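The values are calculated or read from the model by the stated rules, or taken from the named source; none is laboratory data. Source: prediction; values computed, not measured. We place every Cβ from the backbone using ideal geometry, glycine too, and count neighbours over all the protein chains shown. For accessibility, only protein heavy atoms count, side chains too; no ligands or nucleic acids. Shrake-Rupley method; radii C 1.70, N 1.55, O 1.52, S 1.80 Å.
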Amino acid sequence: MSETKSTNIILFSGDYDKAMAAYIIANGAAAYDHEVTIFHTFWGLNALRKEEMVPVKKSFMEKMFGKMMPRGADKLGLSNMHFAGMGPKMIKGVMKKHNAMPLPDLIDMAKEQDVKLVACTMTMDLLGLHKDELMDEIEYAGVAAYLADAENGNVNLFI
Amino acid sequence: MSETKSTNIILFSGDYDKAMAAYIIANGAAAYDHEVTIFHTFWGLNALRKEEMVPVKKSFMEKMFGKMMPRGADKLGLSNMHFAGMGPKMIKGVMKKHNAMPLPDLIDMAKEQDVKLVACTMTMDLLGLHKDELMDEIEYAGVAAYLADAENGNVNLFI
Amino acid sequence: MSETKSTNIILFSGDYDKAMAAYIIANGAAAYDHEVTIFHTFWGLNALRKEEMVPVKKSFMEKMFGKMMPRGADKLGLSNMHFAGMGPKMIKGVMKKHNAMPLPDLIDMAKEQDVKLVACTMTMDLLGLHKDELMDEIEYAGVAAYLADAENGNVNLFI
């Protein structure tokens, strides 16, 4: 039996370093011929936002959320409080020095490797995010679709 | 072979949004006929606390912890630092608008669907939480019981 | 068929309480004859640092990281913001009272039980950590080695 292995990552966090970890594991698993899905929910959705402001109709609350949340992978903050001040710049500085891939490149690589990028429709609603505000080439689904993938998965992670 | 699938979630976090994610996944999995367990440890125990103050004998340290930790699901804070200020109120506001279930309702639903809610006895000890302070209809166990469930589980998550 | 079960934990977090949870689960699984691996990446590497200052050649940025990050398991902070002030001391206080094992002892126990402690070489590079600065008796590997273990694992967690 040569079943395809599968890796299913829930990206809940909107932190730059955690999103990096998620995409590094996803790209690694795809290189090992796993079927890979990253299910973006809550703050993890921010990694999928377009950088430019997209004009969509929103309620007051939704506008607030839209403003407060970072617009796109390159704008995310760090998970580690002690680094919150200089954090992301510093990390990006050492990454450049070590030729490590920044998050937007890791996301591009994931797309090229056919990693399935999913946006959780329920939390999009909650945070007032519209499809027009998220990058192209992603899928939209809910917890049922996640479970259908994950219940047969080999590596299931919540990040 | 039609084995029952199983989902085992460790809820370590005491954040409102992370607890919501845990309970949404748990309720989804239960709807798909998984056997579902949420193992509450460390700050995740706060989601199981009764709202009312329960008089129990405590040491000074335990009293301190008891005061500093939120009493029950409705009192939890948010994981996302940028929202720490207005956070939970704002989320609850949009949730109401979208008819999304607040955390206490998600917990009730989990109970109705026979999701097994477990409180980690070792960390209860550590944080000075007594059984009288936690909601009824939950079970008490340690890491051994968690592992016995999870080692045969399909979806195992640490949240 | 009596296959050995396996538990594979990614320790991403550098928080004292999360590292405790990781090592408690790892020690429990080892006691149940699982093959257990803890893969330390990003801030989780700090749990493996030697307490003493080790003189190694570093760039300016690496020196900065080295200073800002806690040196060893005993120096880690707490994940819970509300406790950030008094946190670790308070937790260590109640742990002593309850005869719970502090983190450095949990790590020693894991070594005695042959839990495989792995340091992620890619993030070591990124944070400027050298092998001389990390404790002995650990292994060095990347995401490929993690996936090779985890894809056949029973309990896979990201902490």
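Only residues that are among the hydrophobic types (A, V, I, L, M, F, W, C), assigned to a helix (DSSP H, G or I) and within 10 Å of the chain's Cα centre (by Cα) were counted across region C:22-41, and they come to 1. Scanning region C:128-159 for residues that are closer than 13 Å to C:Phe39 by Cβ, touching a residue at least 40 places away in the same chain (Cβ under 8 Å) and part of a strand (DSSP E or B) yields a count of 4.
When the residues of region C:14-47 are narrowed to those that are at the interface with another protein chain (Cβ under 8 Å from one of its Cβ atoms) and among the hydroxyl-bearing types (Ser, Thr, Tyr), which ends up least open to solvent (accessible area, probe 1.4 Å)? Restricting to residues being at the interface with another protein chain (Cβ under 8 Å from one of its Cβ atoms) and among the hydroxyl-bearing types (Ser, Thr, Tyr), the top hit is C:Thr41.
Among the residues making up region B:1-13, a single one is open to solvent by 10 Å² or more (accessible area, probe 1.4 Å) and of a type in the set (A, V, I, L, M, F, W, C): B:Met1.
In region B:86-131, of all residues being open to solvent by 10 Å² or more (accessible area, probe 1.4 Å) and among the polar types (S, T, N, Q), the one that is nearest to the other protein chains (Cβ to nearest Cβ) corresponds to B:Asn99.
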